[in-house]
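To start, the structure itself, in structure tokens.
No lab work stands behind these numbers, since they all come straight from the coordinates. Not measured: the values here are computed from a predicted model. Counting neighbours? That spans all protein chains shown, and the Cβs are built from the backbone with ideal geometry, glycine included.
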Amino acid sequence: MKSKAAVKRIIEELKMLYPDALCSLTYDKDYELLFAVRLSAQCTDARVNMVTPALFARFPTLEAFARASYEEVGEVIRSCGFYHTKAKDLVECAKLLLERHGGRVPDTMEELTALPGVGRKTANLVLGDIYGQSAYVCDTHCIRITGRLGLTDGSTDPLNVERQLRTVIPGPESSNFCHRMVLHGRALCMARKPNCAACPLKKDCDFGKKTVQ
């Protein structure tokens, strides 16, 4: 496992590389982030951002989503893939937010994951971006890069990775760190051909040291 000094260097280097650690999904209302993340499953953020303006214009409130049919919502989100399931989740989620939470996105892991289509990754993103809580969003980028860095044991199980990162990455840094993992995964540490030679993290990266040598 990495030393505290190495972890600190990695965090600080990422801050310099990606000073604006923001979620790639665009939204205005809290529930719009929740819905956008649901749409992003097995779909690119870029595609979701192309779809959501029309979606949120057609259904501008939770009440509008709750009144909509699955078919109406599915028609708008078709290009995101798996639109039948996603449409059902959005409509049913809107209903539960209104019925159980007064139209407010809940602020606990337990309440969020009780909503249709919401897993730990989505819940962590909401808790971090909306409520400023410690949040470890373990998507494919985060899982891959933290394993390469040696911050985890290389596990590909999201919950296992999350548990390991909670012991390594300080809570106040967690949300932004995970956003930077996504940015780094797109810029340098790609799945198939990581650009280790150009990566400033290589001096503290287990995978990078081996590759460059």
Would you mind checking the tilt of helix 30-39 against the longest principal axis of the Cα atoms of the chain, expressed as 0 to 90 degrees and rounded to 10? 80
Extending each Cα 7 Å along its Cβ direction at ALA191 and ASN160, get the distance between those two points in nm, one decimal. 1.9
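Counting other beta carbons within 10 Å of each residue's own, what order do TYR136, TYR31 fall into, fewest first? The partial results should precede the final answer.
Values: TYR136 26, TYR31 22.
Result, fewest neighbours first: TYR31, TYR136.
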If neighbour count is taken as other Cβ atoms inside 10 Å, put SER174, SER155 in order from fewest to most. SER155, SER174
Counting other beta carbons within 10 Å of each Cβ, put LEU96, LEU90 in order, fewest first. LEU96, LEU90
Treating the angle as unsigned and between 0 and 90°, give the value, to the nearest 10°, between the Cα long axis of helix 83-101 and the longest Cα principal axis of the chain. 80
Check: C-alpha center segment 64-129 vs C-alpha center segment 12-39, spacing in Å is 18
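Local charge sum around VAL51 (other residues, Cβ-Cβ under 13 Å, Lys/Arg +1, Asp/Glu -1)? Could the numbers behind the result be given before it?
On the way: positive: ARG38, ARG47, ARG58, ARG78, LYS86; negative: GLU32, ASP45, GLU75.
Here the charged neighbours net out to +2.
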What nm value, rounded to one decimal, do you get for the distance between LYS29 and ALA5 when each label is placed 7 Å out toward the C-beta? 5.2
³J(HN,Hα) computed for each position of segment 64-80 - Karplus, 6.51 cos²θ - 1.76 cosθ + 1.60, integer Hz, glycine/proline x: 5, 5, 5, 7, 6, 8, 4, 5, 5, 5, x, 4, 7, 9, 3, 6, 7
Options (i) 59, 30, 28; (ii) 47, 40, 31; (iii) 55, 38, 29 for Cα extents along the principal axes in Å; the value derived from the coordinates is listed as (i)
Sketch the reach of a paramagnetic label on GLU72 as a point 7 Å from Cα along Cα-to-Cβ, and name the residues of segment 95-132 whose backbone nitrogen lies under 15 Å away. 95
Given pairs LYS8/LYS203; LYS4/LYS209; LYS121/LYS193; LYS8/LYS193 and cut-off 21 Å on Cα-Cα distance, the over-length ones are LYS121/LYS193; LYS8/LYS193
Using a simple spin-label model with points 7 Å from Cα along the Cα→Cβ vector, what separation in nm is obtained for ASP153 and THR140? 2.5
For segment 158-174, just list the computed ³J(HN,Hα) in residue order, Karplus coefficients 6.51, -1.76 and 1.60, θ = phi - 60°, integers in Hz, with x standing in for Gly and Pro. x, 5, 5, 5, 4, 4, 5, 5, 5, 8, 10, 8, x, x, x, 8, 4
Just the Cα atoms of segment 30-129: what Rg and Dmax do they give in Å? 12.2, 32
Among ALA41, ALA66, ALA57, residue whose mean-square fluctuation peaks in a GNM of the chain (springs only between Cα atoms under 10 Å): ALA57
